[in-house]
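Report on the following structure.
The values are calculated or read from the model by the stated rules, or taken from the named source; none is laboratory data. Since we're looking at a predicted model, the values are computed, not measured. Neighbour counts are summed over all protein chains in view; Cβ atoms, including those assigned to glycine, are modelled from backbone coordinates with ideal geometry. Quick note on the areas: whole protein, heavy atoms, side chains included, nothing else; ligands and nucleic acids left out. Shrake-Rupley method; radii C 1.70, N 1.55, O 1.52, S 1.80 Å.
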Amino acid sequence: MSTHTRVEEELHDNAHIDYDRVTIQWQPSVPQLYEEALKHETGSAISSTGALITASGNKTGRSPKDKRLVDEPTSSSDIWWGPVNTKLPEHVFLINRERAVDYLNTRSHIYVFDGYAGWDPKYRIKVRVVAARAYHVLFMRNMLIRPTEKELETYGSPDFTIYNAGAFPANRYTTGMTSTTSVSINFHMREMVILGTEYAGEMKKGIFTVMHYYMPVKHKVLSLHSSANEGPNGDVSVFFGLSGTGKTTLSADPKRYLIGDDEHCWSDDGIFNIEGGCYAKCINLSAEKEPEIFNAIRFGSVLENVVYDEKSRVVNYDDSTVTENTRCAYPIEFIPNAKIPCTAGHPKNLILLTCDAYGILPPVSKLSSEQAMYHFISGYTAKIAGTEEGVTEPEATFSACFGQPFLVLHPARYARMLADKMEHHKVDAWLVNTGWNGGAYGVGERIKLKYSRAIIDAIHSGELANAEFENYDVFNLKVPKSLTGVPSEILNPAKVWKGPEAEFIESRKKLAQRFIHNFRNYEDQTTAEVIAAGPVL
Ligand code: ATP
Ligand code: MN
């Protein structure tokens, strides 16, 4: 039996997908997926640089409120039920699954891709994507690890399957459904079902969630929302940070090998990337400031929700009419100095990225290991709320382990694993603010990308480790007095603040209070030393 036929049989037996009615394209090539998308999917076009432009419809970002985990006996006692993980009864999962399959069976074509998540063969899982849109399969073809011809011969059955029927809504009258969008994961059945959202990022972050369960629970391997790269001498840096803080941007560094831009695991053998691709923000993208990413947008890349010229098909990266969250998904080898396979040794530097829109956190500070734990658990960044309406108030966000929406276990479990690893391997930790300086959003300005890059360079060259530091009050952070390529006056927020000193002191106090208030959630799960490493008023 050919592999294709076996896949058809499997889909029929496992999910009642009717291959007599539906043409199943298994492991389609990039040109085939282009042709399918252009033929069948509105909003598809080819960009002037050869990327496939796609439209994700109403949803141009994830829908965290519509995410559910099935409450079933094999996983339930491990799951951190609460703010991010909402219970779904197994029979409701089956109702959604049936709805997804029924929809897939109404299509003339569906697309199937078999790939891997995790570059270390010891821990990788086989992931199958079944989708009605070529866009979704090309996206996951880019984001998963693409098996070689040889690997496909012995691939067998997947460990985990995604059924993506995103163009079809969930039934709002199904118990537990609060909207027409539903993203649900069943760890026991090893399946994920998507209804009512065509935003492809749900699949990527869904697999990340799956890895946040299987890796620590089954293998004692730590999963991390981070990018990673490696220097010419083999030193590895891991960059933690919430959305928009610079993981993708700062890890694409011509002087270093890219291991991955968003999802990693740290095992006893070192670091490995979960993904086979990158997912970069495109808003205000320029060839001058981010050449590696700009040049990765070519034939094979999936370009989401961008605005382009009707005739020339040249993309206007400054246009946010469809969404601020325009994105491009490309295979990691599109970055010239990607390290393939995407694995490396234990990290030397942990870089905690934050985008502080209050202008309070220093552009860079050196952290003790207790401070690193404190800031990892806090997971602070700030967003600009409602820029569209001209509201200029920053909004503080605390997201545990810099990735709360993807955590499956209690944050303290990941934090403990990180603390053990930090203790075992000699790791330096740094807090890097890529956000505002000289004042809050509206008054100060965002730290220039070239300065953030110079800071990262100084971490890597060893210049910062040997710098002279001064103490930054309240947060008790060690701030360098000077470093190459960055004007010294911006290094200490107290000194660069443009407004009155009293206003600065008040803002710093307010932010410290937010940290302290947020950390109360974790005090019973951590040590006195870590609590003491936070801001002190
Ligand atoms: P996500 O988790 O959503 O993928 P991310 O951490 O990868 O987010 P990036 O895609 O790197 O974030 O986004 C950072 C954005 O901020 C980019 O658009 C970048 O051009 C912009 N930026 C502006 N100033 C800086 C700076 N000083 N450092 C880093 N990025 C900056
Ligand atoms: Mn990113």
Handout entry: Residues located in the stretch 256-271, provided they are away from ligand 2 (no atom under 13 Å from the Cβ) and open to solvent by less than 10 Å² (accessible area, probe 1.4 Å)
Key = 259, 265, 266, 267, 270, 271
Handout entry: Candidates 173, 103 - the one that is without any contact (Cβ under 8 Å) to a residue 24 or more places away in the chain and either outside any helix (DSSP H, G or I) or aromatic (Phe, Trp, Tyr) (or both)
Key = 173
Problem - Selected residue (criterion: nearest to residue 335 (Cα to Cα)) from residues of the stretch 238-273 that are small (Gly, Ala, Ser) and within 14 Å of ligand 1 (Cβ to nearest atom) - result: 252
Fill in the blank from the handout: Pairing a residue in the stretch 398-416 that is part of a loop (DSSP other than H, G, I, E, B) with any residue that is at pLDDT below 95 and open to solvent by less than 10 Å² (accessible area, probe 1.4 Å), where Cβ atoms lie under 6 Å and the two sit 6 or more apart in sequence or on different chains, gives none
Practice task
Kindly indicate whether residue 426 is in a helix (DSSP H, G or I) and either open to solvent by 10 Å² or more (accessible area, probe 1.4 Å) or closer than 30 Å to residue 75 by Cβ (or both).
Solution key: no
Handout entry: Residues located in the stretch 332-363, provided they are closer than 14 Å to residue 277 by Cβ and either under 15 Å from the mean Cα position of the chain (by Cα) or of a type in the set (S, T, N, Q) (or both)
Key = 332
Practice task
With respect to residue 33, determine if the residue is surrounded by 14 or more Cβ atoms within 10 Å (Cβ to Cβ), touching a helix residue (DSSP H, G or I) at 6+ places or on another chain (Cβ under 8 Å), not charged (D, E, K, R) and not in a loop (DSSP other than H, G, I, E, B).
Solution key: yes
Exercise for the section: For residue 442, state whether it is assigned by TED's automatic domain parsing to the domain that holds residue 372, surrounded by fewer than 20 Cβ atoms within 10 Å (Cβ to Cβ) and touching a residue at least 24 places away in the same chain (Cβ under 8 Å). Expected result: yes
Exercise for the section: For the stretch 132-152, name all the residues that are free of Cβ contacts under 8 Å to residues at least 60 places away in the same chain and not in a loop (DSSP other than H, G, I, E, B). Expected result: 149, 150, 151
Problem - Per-region count, the stretch 6-59, residues hydroxyl-bearing (Ser, Thr, Tyr) and out of contact with any Phe, Trp or Tyr (no Cβ under 9 Å at 6 or more places or on another chain) - result: 4
Exercise for the section: Considering each of 65, 39 in turn, give the residue that is open to solvent by 10 Å² or more (accessible area, probe 1.4 Å), of a type in the set (D, E, K, R) and either over 21 Å from residue 207 (Cα atoms) or assigned to a loop (DSSP other than H, G, I, E, B) (or both). Expected result: 39
Completion exercise
For the stretch 82-100, the count of residues that are loosely packed, with under 14 Cβ neighbours inside 10 Å, free of Cβ contacts under 8 Å to residues at least 12 places away in the same chain and not charged (D, E, K, R) equals 2
Exercise for the section: Return the residue satisfying two criteria in turn: it lies in the stretch 232-245 and is small (Gly, Ala, Ser) and surrounded by 24 or more Cβ atoms within 10 Å (Cβ to Cβ), and of such residues it is farthest from ligand 2 (Cβ to nearest atom). Expected result: 237
Completion exercise
Within the stretch 484-502, the count of residues that are closer than 15 Å to residue 474 by Cβ, without any contact (Cβ under 8 Å) to a residue 24 or more places away in the chain and not small (Gly, Ala, Ser) comes to 2
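To keep it simple, each residue is scored yes or no on (1) in the same structural domain as residue 452 (by TED's automatic domain parsing); (2) open to solvent by less than 10 Å² (accessible area, probe 1.4 Å); (3) away from ligand 2 (no atom under 16 Å from the Cβ).
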{"position": "254", "(1), (2), (3)": "yes, no, yes"}
{"position": "273", "(1), (2), (3)": "no, yes, no"}
{"position": "307", "(1), (2), (3)": "no, no, yes"}
{"position": "338", "(1), (2), (3)": "no, no, no"}
{"position": "358", "(1), (2), (3)": "yes, no, yes"}
Problem - Residues located in the stretch 106-131, provided they are in a loop (DSSP other than H, G, I, E, B), open to solvent by 10 Å² or more (accessible area, probe 1.4 Å) and touching a strand residue (DSSP E or B) at 6+ places or on another chain (Cβ under 8 Å) - result: 108, 119, 120, 122, 123, 124
Handout entry: Checklist (1) within 15 Å of ligand 2 (Cβ to nearest atom); (2) within 15 Å of residue 406 (Cβ to Cβ); (3) out of contact with any Leu (no Cβ under 6 Å at 6 or more places or on another chain) applied to residue 250, failing item
Key = (2)
Exercise for the section: Being open to solvent by 70 Å² or more (accessible area, probe 1.4 Å) and over 30 Å from the mean Cα position of the chain (by Cα) is the filter here, so list the residues in the stretch 501-528 that pass it. Expected result: 501, 502, 503, 505, 506, 509, 528
